[in-house]
Amino acid sequence: MTRNMYSFSTGVLLIVFSLVLFGCSSSGKDSDKEIKSITLKVSNYYAATAPFSEKAVQPWMDRVTELTDGKVEFDYFPGGQLGDGDEQFELVRDGVADIGFTNATYEPDDWALTAMLSSMPITDNNATKGSKAFLKLIEEDDSAIVENDFLENDVRPLFGAVSPPVEIFTINKEIRVPSDLKDVKIRTAGGVEAEALNYLEAVPTSIPFGDVYESVERGIIDATTVHTVALRTAGVDQLIDNRLGISFSNFILPLFINESVWQSLPDETKDAMEQASREIAISQAESQEAETTEVEGLFEEEGMVTPKLKDDETQQWKEFNEEFQNYWLKKNSSDEIPYKDTLDTYKSYIQ
């Protein structure tokens, strides 16, 4: 009797144990197959129809969703719905948004190195060269720009969209050499670019780009710095009759993510974002340049004057760039922020 009960009890225990094991095993397999969706909030200062939105931000989101087979999706807030251009960094750092996109010139205090590069006059830079160079900078091991500008501020760069050449456009005045800018009332986005214009004894004025058309009409400014497509999109080209035709500066628009959010993502999601960043950084730049070339052709057809600079005139711009860079670096010399090393490295990647 006791022996039979023992055998019966043992059998029951074995059956229960097997069921437990089977249940755990089945649960594990189901968990492995389960598709876990991730939705991230993206804030963009620029309108959804703006060139950088259409060529950089939207394609990046689409590509990440594609690479993750739809597991990663985005709640998108373009047009400054969550905050102005100079608030995007704080929105992401503080967790109001997971990902942000804005002009680095708006964040000179937090993004000291990126803001410096964003509007520093650099010879022969363009969207493709600059975007590739910035991508190399942020992918370096122990990258100073990643550590100083981003990680110390609890955000991480994904890529930087570098603009086509920011040129100088004028009304009733031809600009051929740097000294021609003396006393010219010129609109600027600010930052290092404004310092460069001050250095040339121009009269720079920080005006929101949306107000440029009215400012030109009212005679508040005689010139503006801007890239060609933006000038055309805003209709300001109707009031402009001269363009310099060479790059004065370029600005950088980082796409960046909250660091805690980044660390919480699965490795495959991080890999997808990094792949999308490398692809879109280049594709958006090439698309921007193609559109720039098209618009330049329209300007010529419509009679906007672009002077054919002589070799010595072009050389004066190159010499100014180097002179101003040295002046700025000396003025902003710092033991804590590696301005010179970062600028030298960026320039070497552009060549």
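Structure values in brief
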{"quantity": "Breaking point among (1) part of a loop (DSSP other than H, G, I, E, B); (2) of a type outside the set (D, E, K, R); (3) without any contact (Cβ under 8 Å) to a residue 12 or more places away in the chain, for residue 315", "calculated": "(1)"}
{"quantity": "From 286, 193, residue being in contact (Cβ under 8 Å) with a residue 12 or more places away in the chain, closer than 25 Å to residue 145 by Cα and surrounded by 21 or more Cβ atoms within 10 Å (Cβ to Cβ)", "calculated": "193"}
{"quantity": "Count of segment 289-307 residues which are closer than 19 Å to residue 123 by Cα and free of Cβ contacts under 8 Å to residues at least 60 places away in the same chain", "calculated": "1"}
{"quantity": "Out of 68, 105, sole residue that is among the polar types (S, T, N, Q), in contact (Cβ under 8 Å) with a residue 60 or more places away in the chain and over 27 Å from residue 196 (Cβ atoms)", "calculated": "68"}
{"quantity": "Tally, over segment 88-129, of residues that are assigned to a helix (DSSP H, G or I), in contact with a Gly (Cβ under 8 Å, 6 or more places away or on another chain) and not hydrophobic (A, V, I, L, M, F, W, C)", "calculated": "7"}
{"quantity": "Which listed residue, of 250, 242, is touching a Ser or Thr at 6+ places or on another chain (Cβ under 9 Å), over 25 Å from residue 325 (Cβ atoms) and of a type outside the set (Lys, Arg)", "calculated": "242"}
{"quantity": "Those residues of segment 33-47 which are surrounded by 13 or more Cβ atoms within 10 Å (Cβ to Cβ) and either within 14 Å of residue 158 (Cβ to Cβ) or at pLDDT 95 or above (or both), in sequence order", "calculated": "38, 40, 41, 42, 43, 44"}
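The values are calculated or read from the model by the stated rules, or taken from the named source; none is laboratory data. These figures come from a predicted structure and were not determined experimentally. Glycine gets a Cβ as well: all are built from the backbone with ideal geometry, and neighbour counts include every protein chain shown.
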